[in-house]
Amino acid sequence: MRDEENKMDTNEVEENKGMHETKETNEINEIYENEGMEEVNASPIVKMANIIFAPTEAFKAIKSKPNWFIPLLITMLAPIVYYLVCWGQFEVTMIREIEKQLEGTGQVVTESMMELPLTIAKVSTFVFTPIGVIIGMLFVAFVYFVVAKIIKSPAGFKQIFSMTVHIGILSVFTWLIMMVMTLIKGEMPTVSVTSLSSLLPESMNGSVLSAVLAPIEVISLWSLYITYIGLRIVASFSKKAAGITVGLSFLFGASISVITVLLTNMASSMQM
């Protein structure tokens, strides 16, 4: 009798324990489901804010429900706002560059001479700048998408493009810093104050060393780190694949910077 009673008590305890565990499991599953719903239903503004403050959460939401219109629009508007606010300083920079090119020729830059070039520059800047942003974003996203397909990532182009344009939000800080520096100096800065090239003397602006140091810049490095996180979460890259992709992106940007300076210097020497 005692054995039977003990057996019944044991069964009752196990049943209660099983019910308790099932309840806990259901509660945990419900929490995860709610968290997933929050990620899927996160607003575009929340996603953009999370790129700065909580990138992991932002990329989880992007992976679940990619969107691109609002972050792309903001990234396109940032340079437009800069040129609207600082166009007077931009014109000063252009005139000084033209005067520098005409040094030694005996020509004097007059207001009538500058009227047409400045008009063309204004129209082309406000027309082609947003187009350039779109093309740049599409190109970067396409490169990441090709890499994703090579390593057999399940991510689609829309997810990767959404990730790319959200990371592009960080460029707003670059334009904001440029705006402040332009308004303070009265002309466009030739070197970003947040890059290592800003530590060089002004006489070295446009040098190869300046071009090498220019990509080592706070916001650019921040963008690369955020990109690494995005590739890991949105595109399911391994740590190695994400690290190599980001590293090659940095080297490509640095190479373009150096090649541009070399070609500019070569063109200047040929004119002389």
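Here are some notes:
- Residue count for region 152-178, restricted to those that are in a helix (DSSP H, G or I) and closer than 27 Å to Ser64 by Cβ: 17.
- Among the residues of region 66-89, those identified as over 23 Å from Ile184 (Cβ atoms), surrounded by 15 or more Cβ atoms within 10 Å (Cβ to Cβ) and without any contact (Cβ under 8 Å) to a residue 60 or more places away in the chain are Ile70, Met76.
- Residues that are in a helix (DSSP H, G or I) and either charged (D, E, K, R) or on the phi > 0 side of the Ramachandran plot (or both), drawn from region 195-241: Glu202, Arg232, Lys239, Lys240
- Qualifying residue in region 157-170 (condition: under 25 Å from Phe237 (Cβ atoms), open to solvent by 40 Å² or more (accessible area, probe 1.4 Å) and under 22 Å from the mean Cα position of the chain (by Cα)): yes
- First in region 90-101 and hydroxyl-bearing (Ser, Thr, Tyr), second anywhere and part of a helix (DSSP H, G or I), Cβ under 8 Å, 6 or more apart: none
- Selection within region 179-194 - part of a loop (DSSP other than H, G, I, E, B), within 28 Å of Val246 (Cβ to Cβ) and among the aliphatic types (A, V, I, L, M): Val191, Val193
- Those residues of region 193-219 which are in contact (Cβ under 8 Å) with a residue 12 or more places away in the chain, closer than 29 Å to Leu84 by Cβ and open to solvent by 50 Å² or more (accessible area, probe 1.4 Å), in sequence order: Val193, Asn205, Val218
The values are calculated or read from the model by the stated rules, or taken from the named source; none is laboratory data. On a predicted model such as this, the values are computed, not experimentally measured, just so you know. Here the Cβ is made from the backbone with ideal geometry for all residues, glycine too, and neighbour counts use every protein chain on show. Areas reflect the complete protein model, heavy atoms only, side chains present, ligands, DNA and RNA absent. Shrake-Rupley method; radii C 1.70, N 1.55, O 1.52, S 1.80 Å.
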